[in-house]
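The values are calculated or read from the model by the stated rules, or taken from the named source; none is laboratory data. Source: prediction; values computed, not measured. All Cβ positions, even for glycine, are placed from backbone atoms using ideal geometry, and neighbour counts span all protein chains on display. Just the protein is used for accessible areas: all its heavy atoms, side chains included, with ligands, DNA and RNA removed. Shrake-Rupley method; radii C 1.70, N 1.55, O 1.52, S 1.80 Å.
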Amino acid sequence: VQLVESRGGLVQAGGSLRLSCAASGSIYSINVMGWYRQAPGKQRELVATITSSGNTNYADSVKGRFTVSRGNAENTVYLQMNSLKPEDTAVYYCYHYQLDHGYWGQGTQVTVSS
């Protein structure tokens, strides 16, 4: 499975940004897709995930601000980020899990200026 993420970017605090990720290869119908992030000097942490049946899970720090969704093509996942804060600055990684195996995208930088 290969994951290709859209480019992140630089945004002011309070702004919005949308990330997308497309998976290709041998995609199993039952899977989980989502996003993790890693800020400088910190461990990678979960941001949000969505199962193939549509169940979502969010980190407390992004609840009410971020929305994870699937595209019409089931192998696509989006992360709509609103009300961005400087502490959201990190490298964001797309994640895909199926058949007891996890896959990562290359990561994309999101920088929120104050």
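Cα centroid separation, the stretch 1-50 to the stretch 81-110: 3 Å. Protein heavy-atom accessible surface, 1.4 Å probe, per residue over the chain: 54 Å². The accessible surface of the stretch 35-107, taken with every protein chain in place and a 1.4 Å probe, is 44 percent carbon and sulfur.
Annotation for Q2 and N72: the two label points, set 7 Å from Cα along the Cα-Cβ direction, are 2.4 nm apart. The calculated pair-distance distribution of the chain uses every alpha carbon pair, bins of 10 angstrom beginning at 0, and gives 15, 51, 29, 6, 0 percent. Note on the chain: GNM, Cα springs under 10 Å; of K85, K63, K42, the largest mean-square fluctuation is that of K42.
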